[in-house]
1. Mind computing the radius of gyration and Dmax over the alpha-carbon atoms of region 45-91? Å is fine for both.
2. What does the charge add up to near residue 54, with Lys and Arg as +1, Asp and Glu as -1, over the other residues with Cβ less than 13 Å from its Cβ?
3. Starting from the 7 Å offset along Cα-to-Cβ, what nm value, one decimal, do you get for the label separation of residue 75 and residue 48?
Amino acid sequence: MSDTPAKKTDAAPTSAGGRRQLGFFGRILQFFREVMAELKKVVTPTRKQLLNYTLVVLGFILVMMLLVTALDLVFGKLVGFVFAGTPIWPLW
């Protein structure tokens, strides 16, 4: 350990985290400063990337719609067979 004493400063009161306490409006101002700093990090995709991302999302939605439709048809037929005695085949 070091034998040098800690320096005292006349800084503003600090919280447990070591940062000075801000008032209500100071916290709001700090929030907007942090929002602006994060918005400066945003990168806009190129047209090619945007088209690619859009097609991927639309493809995923199409696959999920087909999956949900198939499961609905299967479970609907099973419920009809179990509770109403309707035949499973034909599917319509």
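Every number here is computed from the coordinates shown, using simple stated rules; none is lab data. Computed from a predicted structure; not experimentally measured. Cβ sites come from the backbone with ideal geometry, for glycine too, and all protein chains shown count toward neighbours.
1. In Å, with Rg to one decimal and Dmax whole: 18.1, 56.
2. +2
3. Rounded to a tenth, the inter-label distance reads 4.3 nm.
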